[in-house]
Structure formats: structure tokens, C-alpha cells
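Colleague: Mind looking over this structure? Questions follow.
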Amino acid sequence: MRLTAYNLIMSLVWSSLCIVIFCLLRRNYNFIQKYGVFPLIAVLLLGLFRFFVPIELPYTRLIQSYDILPGIQQWSRRSSGLFSLSYGALLLGLWAAVSTILAARLFLGIALQRRAIAQLPRLDSEDAERAMEELLAGTKHRGKYTLIVSPKVQIPSVAGFFSPTVLLPDMELSREELKYILRHELSHFAGRDAWVKLFIGIFQAIFWWNPLVYGLRKDLDYVLELRCDARAVRELSGEQRIGYVEAVCSVIRQAKGQDSAMPNYALALSGRYGKSMLVERMKLVLSQNTPARRLPAFFVCAMVLFLLASYAVVIQPASEPPVEEIEGYVAITPETAYIRHEDGHYFLCVEGSFVTEILPEELKTAPYDSLEIREGG
């Protein structure tokens with residue numbers, strides 16, 4: 001198993017293809033209705049795995065590029081005239097600098113969010129507290145949460161990687177509606193959605209120059225909402241699902257025209273999607289045959305074949321060896337050389353003169369396989 005720059009390039013190509021497949025499946029309502037969003041998450045995880053494991057396997061075959069890659073390689077080694085750096089070194093430096101800034105901004109945003117949550121003005125809400133206690137009654141998560149009701153929060157959200165902090169706005173919601181909203185937010189935490197978005201955020205910071213990553217965030221947010229809805233309503237009856245939809249619509253209606261106060265990883269019950277996407281969400285919630293959290297057999301087989309195929313080929317630059325004008329050098333060709341067979345031995349002769357003995361198994365390799373074999377001395 002080897003790790004080279006060309007393995008990394010191939011990994012980026014294949015992981016980008018996974019992003020394309022993910023975005024296409026996200027737009028296929030019939031697929032999501034039948035199989036749920038877990039296959040989409042699996043495709044995304046496959047892409048991340050393929051990128052972070054850029055190795056060669058025993059069956060990997062190297063394909064040589066004699067035109068495009070060598071040209072890029074030569075250009076990257078040319079001096080840019082700036083600090084005696086090559087173009088390749090400059091591009092790598094720019095890549096690293098921007099990625100570092102974006103990653104720093106990502107983690108700074110998380111830190112600032114924690115600080116902003118700690119400084120939120122809080123309201124007493126007996127209904128919200130009771131709704132949370134009723135929702136968690138009899139579960140191992142009872143008491144392992146922080147609930148904040150604040151006028152500075154415009155839309156229900158949840159923050160936190162290790163323990164949930166649920167943020168609620170000061171809205172007119174019944175006890176039952178509060179339970180549905182809290183169920184949704186806790187489903188975000190149970191699904192580790194914050195961690196998924198964190199890893200994708202790191203991936204986006206590294207590959208900021210890849211246009212595919214910019215469309216990924218919105219699609220990912222929407223898919224996580226669909227997955228959260230499916231988890232939240234899995235054990236609800238048809239009547240309860242209607243109540244869930246009404247609670248979601250009530251929140252979106254009251255929050256219309258407002259933006260969430262919590263940046264980055266406050267995973268909001270969001271109404272920022274278009275009307276058609278919201279309708280799609282609610283239709284999936286009301287569907288009684290919520291898909292189970294498993295992959296169909298044909299999809300598993302397709303993913304395995306995709307993964308194996310992605311390691312099958314690595315493209316590397318190549319060039320023809322230079323022809324050196326050395327005194328006494330003669331190319332081994334059918335016009336200048338032949339093989340003499342004598343007493344079970346094979347000898348290479350060039351322009352009539354003995355050069356060296358060759359092994360029988362070498363007769364099938366270049367350049368000997370193109371030479372005439374002559375018997376005798």
C-alpha cells in the first residue's frame with residue numbers, strides 16, 4: 001500500500017463524484033420516499049472515506065499519462081519569479097493559507113456561538129420545562145440537557161456536541177406543540193448531526209476551491225432535516241404526525257422573515273427552504289411507511305463495487321526515455337540484433353557481436369520478443 005500525490009488526486013476525483021451522486025439523489029423525491037435519506041448519508045460518508053484513505057491496493061493498476069499530466073507537472077516546477085518559488089509551491093501555499101483561515105473561522109464560530117448562548121437573556125417557561133420532562137420521562141437522557149427560552153432566539157435550535165442545549169424562542173405554542181418541537185431538536189442531537197456538519201465543514205475548508213462543496217452545505221442541511229423528521233415521527237401515529245406537521249408549520253409561520261440568531265452549529269428547525277421543499281418534508285412526515293434506517297441490498301452492492309472500482313486505477317505522468325547520443329551505443333532492434341540459440345542457451349548478438357547471455361523467460365519480454373532466434377554458432 002503506497003501513498004502518493006497522485007493517489008490524493010484520484011481520491012479527490014472519486015469523493016467529488018460521491019458529492020455529485022449525493023446531490024442528484026437529494027433531488028429524487030421518489031427515491032427518498034421509498035428508501036429514506038440514510039442511503040444519501042451513506043454516499044456522503046463513502047466520499048469522505050474515499051478521500052481520507054487515498055492508498056493503492058494490490059490490484060491497483062497504474063495508467064501512464066504522456067501528455068496532460070507531464071505538462072502540468074512541468075508547469076508546476078517552473079519558477080514564478082516570486083521569492084524563488086515555483087508555481088506549484090505558490091499554489092500549495094495559497095491552498096494551505098486559505099484552508100487555515102477557513103478552518104480557524106469555523107472553530108472560532110463554534111466558540112463564539114457557545115459564548116453567545118451563555119450570554120442569552122432567559123425567560124422562565126414552565127410549559128417548556130414540563131414538555132421536556134414529559135418527553136424524556138423514563139429515558140436515560142432525563143436531566144442531561146440544557147433548555148433555554150429567550151427572546152433573542154428566533155427559531156428552535158439545538159447546539160452542543162456532547163450534551164444538548166435546546167434553544168427556544170418566545171412563541172405562542174401549546175404544550176403538545178412544544179413536545180413535538182423538542183422531539184425534533186433532540187432528534188438532531190441523537191443523530192449526531194452537529195458532528196456530521198463539523199466534518200463536512202472541515203472538508204469544505206480544505207477544498208474551498210472545489211465548486212461542488214458550495215452546493216453541498218444547503219443539500220446537507222436539507223437532508224439532515226429529512227432524517228431528523230423521520231427519526232422524530234418513527235413511533236408516532238398518523239394523528240400524532242399531523243400534530244407534528246402543524247407544530248412545525250406554526251413555528252415557521254411565527255418565525256417568517258426572521259433569521260436565526262445562532263450561527264453555524266445551532267441546527268435549526270428551519271423554514272429557509274423554498275415552499276416546494278417544505279411541502280416535500282411534510283409529505284414525507286405524513287407518509288405512514290417511514291423507511292427503516294438501513295440500506296437496500298442493491299445499494300450496498302453498488303457502493304461496494306464503486307469503492308473497489310475507485311481503487312482500481314491511478315493515473316501518473318510518464319515520458320519517453322531520452323535517446324542519448326553515446327559513442328558505441330546501438331539500439332536493440334530487429335534490424336541491428338538477433339538471438340543465437342546454442343546448446344540450450346540464448347545469447348544476444350548486436351551487429352554480429354556477442355553482447356550477453358539472456359534467460360529463456362526473458363524471451364517473452366521487450367525488446368527480446370521482437371528479435372529473430374537463430375540456431376547454431
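The values are calculated or read from the model by the stated rules, or taken from the named source; none is laboratory data. Keep in mind it's a predicted model, so treat the numbers as computed, not measured. So basically every Cβ, Gly included, is an ideal-geometry build from the backbone, and we count neighbours across all protein chains shown. Note: accessible area is taken over every heavy atom of the protein model, side chains too, but ligands, DNA and RNA are not part of it. Shrake-Rupley method; radii C 1.70, N 1.55, O 1.52, S 1.80 Å.
Colleague: Surrounded by fewer than 16 Cβ atoms within 10 Å (Cβ to Cβ), more than 23 Å from residue 18 (Cα to Cα) and modelled with pLDDT of 85 or more: does that describe residue 320? Steps first, answer last, please.
Modeller: Values: surrounded by fewer than 16 Cβ atoms within 10 Å (Cβ to Cβ): yes; more than 23 Å from residue 18 (Cα to Cα): yes; modelled with pLDDT of 85 or more: no.
Taking the combined requirement at face value, the residue does not satisfy it.
Colleague: Would it be correct to say that residue 75 is of a type outside the set (D, E, K, R), at pLDDT below 85 and either open to solvent by less than 80 Å² (accessible area, probe 1.4 Å) or not in a loop (DSSP other than H, G, I, E, B) (or both)?
Modeller: Working: of a type outside the set (D, E, K, R): yes; at pLDDT below 85: yes; either open to solvent by less than 80 Å² (accessible area, probe 1.4 Å) or not in a loop (DSSP other than H, G, I, E, B) (or both): yes.
Spelling it out, residue 75 is indeed of a type outside the set (D, E, K, R), at pLDDT below 85 and either open to solvent by less than 80 Å² (accessible area, probe 1.4 Å) or not in a loop (DSSP other than H, G, I, E, B) (or both).
Colleague: Follow-up question, since we're still on this one. Out of everything in the range 7-65 that is among the polar types (S, T, N, Q) and open to solvent by 40 Å² or more (accessible area, probe 1.4 Å), what residue ends up being farthest from residue 224 (Cα to Cα)? Spell out how you get there, then give the answer.
Modeller: Taking the range 7-65 and keeping what is among the polar types (S, T, N, Q), we get 7, 11, 15-16, 28, 30, 33, 60, 64-65.
Adding the requirement that they be open to solvent by 40 Å² or more (accessible area, probe 1.4 Å) leaves 28, 30, 33, 64.
Values: 28: 15, 30: 17, 33: 15, 64: 41 Å.
The residue in question is 64.
Colleague: If you don't mind, there's one more thing I want to ask. Return yes or no: is residue 222 open to solvent by less than 10 Å² (accessible area, probe 1.4 Å), hydroxyl-bearing (Ser, Thr, Tyr), under 27 Å from residue 50 (Cβ atoms) and touching a residue at least 40 places away in the same chain (Cβ under 8 Å)?
Modeller: Details: open to solvent by less than 10 Å² (accessible area, probe 1.4 Å): yes; hydroxyl-bearing (Ser, Thr, Tyr): yes; under 27 Å from residue 50 (Cβ atoms): yes; touching a residue at least 40 places away in the same chain (Cβ under 8 Å): yes.
So residue 222 passes the test.
Colleague: Give me the pairs, please: first residue somewhere in the range 348-371 and at positive phi and in contact (Cβ under 8 Å) with a residue 12 or more places away in the chain, second residue anywhere and of a type in the set (A, V, I, L, M, F, W, C) and open to solvent by 40 Å² or more (accessible area, probe 1.4 Å), beta-carbon distance under 8 Å, and either six or more positions apart or on two chains.
Modeller: As it stands, the answer is 351/330, since those pairs meet every condition given.
Residue by residue, here is whether (1) in contact with a strand residue (DSSP E or B) (Cβ under 9 Å, 6 or more places away or on another chain); (2) open to solvent by 90 Å² or more (accessible area, probe 1.4 Å); (3) at pLDDT 80 or above holds:
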position: 324; (1), (2), (3): no, yes, no
position: 331; (1), (2), (3): yes, no, no
position: 340; (1), (2), (3): yes, no, yes
position: 344; (1), (2), (3): no, no, yes
position: 351; (1), (2), (3): yes, yes, yes
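Colleague: While we're on this one: Taking the condition polar (S, T, N, Q), crowded, with 16+ Cβ neighbours inside 10 Å and touching a residue at least 40 places away in the same chain (Cβ under 8 Å), does residue 157 pass?
Modeller: yes
Colleague: Being surrounded by fewer than 16 Cβ atoms within 10 Å (Cβ to Cβ) and of a type outside the set (A, V, I, L, M, F, W, C) is the filter here, so list the residues in the range 204-219 that pass it.
Modeller: Selection gives 210, 211, 214, 215, 217, 218.
Colleague: Still on this model: Which one is least open to solvent (accessible area, probe 1.4 Å) among residues in the range 134-154 that are modelled with pLDDT under 85 and not in a loop (DSSP other than H, G, I, E, B)?
Modeller: Looking at residues that are modelled with pLDDT under 85 and not in a loop (DSSP other than H, G, I, E, B), I get 136.
Colleague: Within the group 55, 63, which residue is outside any helix (DSSP H, G or I), of a type in the set (A, V, I, L, M) and out of contact with any Lys or Arg (no Cβ under 9 Å at 6 or more places or on another chain)? Talk me through it step by step, then tell me what you get.
Modeller: Values: 55 fails: out of contact with any Lys or Arg (no Cβ under 9 Å at 6 or more places or on another chain).
Among 55, 63, only 63 is outside any helix (DSSP H, G or I), of a type in the set (A, V, I, L, M) and out of contact with any Lys or Arg (no Cβ under 9 Å at 6 or more places or on another chain).
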